[in-house]
Amino acid sequence: MKQKNSKSVHVFIACGGTGGHLFPGIAVGEVLAARGHDVTLLISEKKIDSLAASGHKELRFEKMPFLAMPKPWSPKMIGFLKGLWQGTKACRKIIQDHNVDVVLGMGGFTSFAPLYAGRKEGCTTIIHESNAIPGKANRLNARYSDIVLCGLDACKQHFPKHDDVRVVGTPIRSSMRKPNDDDARAFFKLDKDKRTLLVMGGSQGARGVNRAVGQALDQFEKMGIQVLHIAGPTDYEEVRDVYAKVPLLKQHVAAFCHRMDLAYRVADLAIARSGASSMSELAYFGVPSLLVPYPYAAEDHQTRNAEIFDKVGAARLMRESDLNADTLADAVRAVFNDPRKAGEMKKAAQKLSVKNSAEKIAELIVKEAAP
């Protein structure tokens, strides 16, 4: 490991590719930068990465093209290995140019080249796994990491051969945690007296959830609730048109939401995928939820995530294959018609939150980089 005589530490955070890696990485970078440390974040060339970077002028971003790892005998493997070699070479140059002390990988194969380069350059190397079950990428990344950080306690058992595994929670963006006096219901033009159902599918949306919700709108209207629906860009027009057929239902439908802090504050119940980042935010805000795991997630990790919340009563796990207008409406009705149940779900969710996760990780990084 490198040692540094100065109190300032330079950290290289690999966090591109998906919101689940990107936003927690930015959260850690924000804390480090605010404390006077030098931070470089490595992101992909995806649009979501560029949008996120544009809102953080205080951080330095480096872009790099990344390819998902193909199957071993795929003809694409040659191109992947070439890109990996080029990426590792580029990362070593960044590490040398900025005198990097610590490399933090937030998961996925986008973290491998920076971690491998960091190991070669003598940096302290750390990975973070936010899901209950690590993917193949982080199982590999762990071999090149001095420390493995887990968002959930259930994840620890999947790194039995690693000497240093710690549970620190999953970081929440600073923009989500800042107190503010904004009127959340007014922001979304929602009724201040109606209970609100938040529907979201992550940064890419969730077609199965969107369509099941659309089928249940008539029943939601009869319940007297209102809906804030983040549909995702792909399904937005279809979802908007379905809501237009139920004009008496108070609603706000959007492709994206740039104020998710207000969305969580207005929500009395959420229907969501069970990606680790979204679940960390639901827990932070204490929002009861109906979790619908993405059925094709690697190693079915979203189901494992949802099971943790379901087991302690913070959420109800619902399989996408079981979703229809009646099952969804019944599940929503069961929460809204039982304030005591809703209150218990809220408390259970809050108990799962590690509110200072970003600070914990930042402090750990500085400590491990210290001489």
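A few comments on the model shown:
- Selected residue (criterion: farthest from Arg340 (Cα to Cα)) from residues of the range 287-299 that are surrounded by fewer than 24 Cβ atoms within 10 Å (Cβ to Cβ) and within 16 Å of the chain's Cα centre (by Cα): Ala298
- Being among the basic types (Lys, Arg), assigned to a helix (DSSP H, G or I) and either out of contact with any helix residue (DSSP H, G or I) (no Cβ under 9 Å at 6 or more places or on another chain) or within 30 Å of Lys351 (Cα to Cα) (or both) is a condition met by no residue of the range 111-124.
- Qualifying positions in the range 309-325 - touching a residue at least 60 places away in the same chain (Cβ under 8 Å) and open to solvent by 40 Å² or more (accessible area, probe 1.4 Å): Glu320, Asn324
- Failed criterion for Val103 (all others in (1) touching a strand residue (DSSP E or B) at 6+ places or on another chain (Cβ under 6 Å); (2) in a helix (DSSP H, G or I) hold): (2)
- Number of residues in the range 320-368 that are assigned to a helix (DSSP H, G or I) and within 20 Å of Leu197 (Cα to Cα) equals 26.
- In the condition set (1) closer than 26 Å to Leu152 by Cα; (2) in contact with a His (Cβ under 9 Å, 6 or more places away or on another chain); (3) surrounded by 22 or more Cβ atoms within 10 Å (Cβ to Cβ); (4) not small (Gly, Ala, Ser), Val100 is compliant with all but (1).
This table checks each residue for (1) touching a Ser or Thr at 6+ places or on another chain (Cβ under 7 Å); (2) of a type outside the set (Asp, Glu).
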| position | (1), (2) |
| --- | --- |
| Gly343 | no, yes |
| Leu352 | no, yes |
| Lys355 | no, yes |
| Glu363 | no, no |
| Glu368 | yes, no |
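- Counting only strands (runs of 3 or more DSSP E) that fall entirely inside the range 1-83 and contain at least 1 residues that are open to solvent by 90 Å² or more (accessible area, probe 1.4 Å) and either on the phi < 0 side of the Ramachandran plot or among the basic types (Lys, Arg) (or both), the qualifying elements are 60-63.
- Figure legend. Inter-residue proximity from the range 87-104: first residues touching a residue at least 40 places away in the same chain (Cβ under 8 Å), second residues of a type in the set (Val, Ile, Thr) and assigned to a helix (DSSP H, G or I), beta-carbon distance below 9 Å, spacing 6+ or different chains. Indicated pairs: Val100/Ile94; Asp101/Ile365; Val102/Ile365; Val102/Val366; Val103/Ile95; Leu104/Val28; Leu104/Ile361; Leu104/Ile365.
- Looking only at the range 339-371, residues that are within 20 Å of Phe285 (Cβ to Cβ) and open to solvent by 50 Å² or more (accessible area, probe 1.4 Å) come to 12 in all.
- Flag if Asn141 is open to solvent by less than 10 Å² (accessible area, probe 1.4 Å), at pLDDT below 95 and in contact with a helix residue (DSSP H, G or I) (Cβ under 8 Å, 6 or more places away or on another chain): yes
- Of the strands (runs of 3 or more DSSP E) that lie entirely inside the range 181-257, not one contains 3 or more residues that are of a type in the set (Ser, Thr, Tyr).
- The one condition from (1) open to solvent by less than 60 Å² (accessible area, probe 1.4 Å); (2) out of contact with any Phe, Trp or Tyr (no Cβ under 8 Å at 6 or more places or on another chain) that Thr110 does not meet is (2).
The values are calculated or read from the model by the stated rules, or taken from the named source; none is laboratory data. Predicted, not measured: the structure shown is a model, and the values here were computed from it. Virtual Cβ from ideal backbone geometry, glycine too; neighbours counted across all protein chains shown. Quick note on the areas: whole protein, heavy atoms, side chains included, nothing else; ligands and nucleic acids left out. Shrake-Rupley method; radii C 1.70, N 1.55, O 1.52, S 1.80 Å.
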